[in-house]
Amino acid sequence: MFAEDRYDKIMAILKAKKHVSLEYLCEQLYCSRATIRRDLIGLESMGLVIRKRGGAVLATGGNWEYPYTFRNMEKKDEKTYICTLAENFLADGLSLFLDSSTTVMNICPILKKYNNLSVATNGIATALSLIQNDCADTYMAGGHVKYGSTSIVGEQASHFFTEFKADLAIISCRGIDPQGVCEANQQQVMVKKQMMKNAASTILLCDSSKFNQSYFFRLSGFQGIDAILTEKKPPAEIAKAAAEASCDILFE
């Protein structure tokens, strides 16, 4: 089993149990104590777990971001479905902003259906996917590469998007509550806000696990989002707040 696969299994166990012993992880993953100990050291360095004597606990606080590897593996089917809903907003000749989220990256293969697209992004993996799919004239932000991610963020990346005007910004987030859209990282907020400011319209791609999840940084109220694309009907409070702000929610 590769290290990334073990990391994923360890995180799934910790999300369910919050605290596990080293022995339990060895039994579940069929690995030696030395291997699991190294894995826990790696996860702790990413801010995901806290090692305790004889085991580990899930890190809490919520205002850090999961590394790209984990985010990319989570909710794959949901992300793919949500991106198909985005076709309601796509057409030939559009200019697009795409954020660096793993959700939005799943739209890249879909863009192959369209001609003469121009895309600006702060996502390294997103830019690579666009190039591999040969589906758009692609522009890449410069700036700070965030640890554990493929995101280019910060003031320099934010300023990059002031040089463009887009028809549509396609973004994701860490959480949605009745007050609006949340992020866990201020540098991500800076970039996404500039995308939204310089785009004629903004759509938010967000799976249902993010409903009623609040984080420290406020990205936008619902009035700043034209439509939310998800895979399930949202909770009533969120649906009401979005409707009052004329923000559509599409889930089928």
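The values are calculated or read from the model by the stated rules, or taken from the named source; none is laboratory data. Every value quoted in this text rests on a predicted model; they were computed, and no experiment measured them. Positions of Cβ are generated from backbone atoms using ideal geometry, with glycine treated the same way; all protein chains shown enter the neighbour counts. Note: areas computed on protein heavy atoms with side chains; ligands, DNA, RNA excluded. Shrake-Rupley method; radii C 1.70, N 1.55, O 1.52, S 1.80 Å.
Number of residues in region 18-32 that are loosely packed, with under 12 Cβ neighbours inside 10 Å and either among the polar types (S, T, N, Q) or more than 13 Å from Arg6 (Cα to Cα) (or both): the value is 2. Residues of region 148-166 that are of a type in the set (D, E, K, R) and without any contact (Cβ under 8 Å) to a residue 60 or more places away in the chain: Glu155, Glu163.
Listed here are the residues, each with its yes/no results for (1) at pLDDT below 95; (2) in contact with an Asp or Glu (Cβ under 7 Å, 6 or more places away or on another chain).
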| position | (1), (2) |
| --- | --- |
| Leu58 | yes, no |
| Pro67 | yes, no |
| Glu78 | yes, yes |
| Ala120 | no, no |
| Ile131 | yes, no |
| Asp134 | yes, no |
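None of Leu40, Leu90, Leu85, Leu96 is modelled with pLDDT of 90 or more, under 28 Å from Cys173 (Cα atoms) and touching an Asp or Glu at 6+ places or on another chain (Cβ under 8 Å) except Leu96.
Within region 167-179, is even one residue modelled with pLDDT of 95 or more, crowded, with 22+ Cβ neighbours inside 10 Å, charged (D, E, K, R) and under 25 Å from Val119 (Cα atoms)? No; the residues of region 167-179 include none that is modelled with pLDDT of 95 or more, crowded, with 22+ Cβ neighbours inside 10 Å, charged (D, E, K, R) and under 25 Å from Val119 (Cα atoms).
Please determine whether any residue of region 145-154 is under 23 Å from Met105 (Cβ atoms), in contact with a helix residue (DSSP H, G or I) (Cβ under 9 Å, 6 or more places away or on another chain), among the basic types (Lys, Arg) and buried (at least 17 other Cβ atoms within 10 Å of the Cβ). There is at least one residue in region 145-154 that is under 23 Å from Met105 (Cβ atoms), in contact with a helix residue (DSSP H, G or I) (Cβ under 9 Å, 6 or more places away or on another chain), among the basic types (Lys, Arg) and buried (at least 17 other Cβ atoms within 10 Å of the Cβ). If you go through region 132-154 and pick out every residue that is among the polar types (S, T, N, Q) and over 29 Å from Asp92 (Cβ atoms), you end up with 1.
Checking each residue in region 196-252 for being open to solvent by less than 30 Å² (accessible area, probe 1.4 Å), of a type outside the set (Gly, Ala, Ser) and touching a Leu at 6+ places or on another chain (Cβ under 8 Å) picks out Thr202, Ile203, Leu204, Leu205, Cys206, Ile225, Ile228, Leu229, Thr230.
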